[in-house]
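First the structure, in the form of structure tokens, and then the observations on it.
The values are calculated or read from the model by the stated rules, or taken from the named source; none is laboratory data. In this text, all values refer to a predicted model and were calculated from it rather than measured experimentally. Using ideal geometry, Cβ is built from the backbone for each residue, glycine included, and neighbour counts are taken over all protein chains shown.
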Amino acid sequence: MTSSSTNLPIPQKSIRHRSSSVGRIDVGDTSSPSLSTMPTTKSSRRRSIARLAELQDKSSTDSAIVHKLYVGFTELTYRHTWIWPLIVLLIAFATFFLSAPDGQIHQFLEDMIVPSYHIPGTDQYAKGVNDFKFVGFYAIFFTFLREFMMCCVLRPISCWFGITKEAKQKRFLEQTYAMFYYGMTGPFGLWIMSRLPLWYFETTPFYEQYPHKTHDVFFKIYYLGQAAFWVQQSVVLILQLEKPRKDFKELVLHHIITIALIWCSYRFHFTWMGLAVYITMDVSDFFLAFSKTLNYLDSPITAPFFVIFIGVWVYLRHYINLKILWSVLTEFRSVGDFELNWDTQQYKCWISQPITFFLIFALQLVNFYWLVLIFRILYRYIFTGVGKDERSDDEDEDSTDDSTDESKKSQ
């Protein structure tokens, strides 16, 4: 399940480049832009210029100095979008550690920060409403982590590589963060799978040991952490009022399907199947982000890695996911109990089978749409020599030019 508002990298080729509208489609990229890389509006740029001008004014009174501090903090949080999420996290942690352990506030924060429903005498955790609090809190954490990485870590790295053009730098930040995130969740998910009977993408255990009502702490943190990541992505997507991507509708559909899969699989105990789907998306997203990053760096290995990426994409997002989809048709009913029993939480039944099939199939349709575009890009690269990554630079350059013009007018 998968990453940012950028486009699929088109391998560079040492021939004459020609413009292509295909290069402007965000193929397979499933994460929303971050707060720091969202398109800036003219009004927000005007306000920033006005604040900078106000900070340059001479101040003599105490009230004027206090007002300057407020204006300066506002401009600082405008440039560093990680500050407000950090403040919220610090307040929550400070209140948690300083409050009385038996107090209601402490208990509420503990439900948000620490996994709930540990079963005494075991290493297993059950499920409950407190898990919503956990997801909400770590959605804020992922907001902070993403914005901090982009503003304070990845942006200096992009400058070190000589990527200073705003539009290209934003795409570079989004993809390198995707590499960072999926580079951790992919191996972590594979490690969790290796400790379970479903290794390596075995489908029969999905149904043999169903329902999976409890999990160890690593599985629970992984699953709810992924839910928090996708909730955070969906919130940013809602905040993104503009639609710069050509596949914006497909992106929204992917987010809806993903959130539905996460909630349904967790609530109705199909988490082993959900784990397998998570891994296929995370690992392929890492290769996707890596391929794009190589393209931005004009790396000589961009072309061969692009081919490797296509192989990984086809294997994980199609072969493995179709294998899971086929198991829903062939093993869902025949392996393990097949009945609806609310008392025992046995939900593998006549109604959950078509719902499960529909959600995974819908995800497969979106991935197949992107696969067609991937092969179209590959075809144009091989047979027409189109190696230039046009994307939506024109719009970004216009925005930058507008900002420059406004800055000149204010001087």
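What are the residues in the stretch 345-383 that are out of contact with any Asp or Glu (no Cβ under 9 Å at 6 or more places or on another chain) and farther than 21 Å from W326 by Cα, if any?
Q345, V372, I374, F375, R376, I377, L378, Y379, R380, Y381, I382, F383, listed by residue number.
Any residue that is of a type in the set (D, E), out of contact with any Pro (no Cβ under 6 Å at 6 or more places or on another chain), within 29 Å of L373 (Cβ to Cβ) and at pLDDT below 95 - is there at least one of those in the stretch 188-211?
No, every residue in the stretch 188-211 fails to be of a type in the set (D, E), out of contact with any Pro (no Cβ under 6 Å at 6 or more places or on another chain), within 29 Å of L373 (Cβ to Cβ) and at pLDDT below 95.
With a cut-off of at least 2 residues that are among the aliphatic types (A, V, I, L, M), name the helices (runs of 4 or more DSSP H) lying wholly within the stretch 71-181.
83-98, 104-113, 130-148
Mind listing just one residue for me: the one in the stretch 347-399 that is touching a Pro at 6+ places or on another chain (Cβ under 7 Å) and surrounded by fewer than 18 Cβ atoms within 10 Å (Cβ to Cβ) and, of those, modelled with the highest pLDDT?
Among them, the one singled out is S399.
Look at the stretch 305-321 and say how many of its residues are surrounded by 14 or more Cβ atoms within 10 Å (Cβ to Cβ) and over 21 Å from Y379 (Cα atoms).
Counting residues in the stretch 305-321 that are surrounded by 14 or more Cβ atoms within 10 Å (Cβ to Cβ) and over 21 Å from Y379 (Cα atoms) gives 3.
Please specify each residue of the stretch 280-304 satisfying the condition of being among the aliphatic types (A, V, I, L, M) and surrounded by fewer than 24 Cβ atoms within 10 Å (Cβ to Cβ).
L294, L297, I301, A303
Just give me the residues in the stretch 89-129 being polar (S, T, N, Q) and under 29 Å from F180 (Cβ atoms), in sequence order.
Within the stretch 89-129, just S116 meets the criteria.
For residues in the stretch 130-162 being closer than 11 Å to T176 by Cβ and surrounded by fewer than 17 Cβ atoms within 10 Å (Cβ to Cβ), which is modelled with the lowest pLDDT?
Among those residues, the one meeting the criterion is F161.
If I filter the stretch 308-319 for residues that are at pLDDT below 95 and assigned to a loop (DSSP other than H, G, I, E, B), do I get at least one hit?
no
How about the stretch 163-184: which of its residues are over 13 Å from R146 (Cα atoms) and surrounded by fewer than 23 Cβ atoms within 10 Å (Cβ to Cβ)?
Listed by number, the residues that qualify are I163, T164, K165, E166, A167, K168, Q169, G183, M184.
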